[in-house]
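Visitor: Have a look at this one before I ask anything.
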Amino acid sequence: MADSPLTEAIMTQVIRSGAFLQQCWSVHPLCVTVKRVTEENAVVLLCSSCKSAHYLNIATVTAIASSAQQAAVEVASRDEPPGEDYLKACVTAHAASLTLREMDVFQDLVRLRCADCRRLYDVTVSVFETRQK
């Protein structure tokens with residue numbers, strides 16, 4: 001018998017702590033992938049191993065170009081779009097290339113890296129949420 005959407009919604013557990021993402025990532029780092037940025041301005045990470053969805057509500061995003069990119073665009077830095085815009089464009093264009101590289105739950109910081117555009121994204125997180133079934 002299949003679960004109804006109501007039963008499924010009731011059984012979903014929401015945990016508001018970065019410790020669950022940190023534990024998930026430390027145990028199986030290759031299984032945690034960036035899926036999307038929501039309209040509510042949260043980065044969604046999914047873990048294929050434990051089937052958890054981690055929502056990181058964004059406070060700020062700093063986009064850091066690779067050293068080669070920085071040298072090429074140093075003059076144009078005044079016209080740089082906000083880091084959030086870079087991250088959203090990157091997730092839309094090549095989410096599969098984004099990986100979680102570092103995190104610090106004490107400072108509410110997460111670092112993502114894109115293999116395609118070679119940017120680092122330092123995300124200050126206002127709220128960590130892990131949703132488990």
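Visitor: Within the stretch 13-132, what whole-number % of the accessible surface is contributed by carbon and sulfur, with the 1.4 Å probe and all protein chains included in the calculation? Working shown, then result.
Guide: Values: 3420 of 6790 Å².
The C+S portion of the solvent-accessible surface of the stretch 13-132 is 50 percent.
Visitor: Say R0 is 41 Å: what FRET efficiency, to the nearest 0.05, do GLU40 and SER66 get from their beta-carbon distance?
Guide: Details: r = 30 Å, r/R0 = 0.73.
The calculated FRET efficiency here is 0.85.
Visitor: Assuming a ≥ b ≥ c are the square roots of the Cα gyration tensor eigenvalues, decide whether the stretch 13-132 counts as rounded (a/c under 1.5), prolate (otherwise, with a/b larger than b/c) or oblate.
Guide: Working: a/c = 2.05, a/b = 1.80, b/c = 1.14.
Note, shape of the stretch 13-132 comes out prolate.
The values are calculated or read from the model by the stated rules, or taken from the named source; none is laboratory data. Predicted model, so just to flag it, every value in this text is computed and none were measured. Every residue, glycine as well, gets a Cβ built from its backbone with ideal geometry; the counts of neighbours run over all protein chains shown. Ligands, DNA and RNA are excluded from the accessible area calculation, which covers all protein heavy atoms including side chains. Shrake-Rupley method; radii C 1.70, N 1.55, O 1.52, S 1.80 Å.
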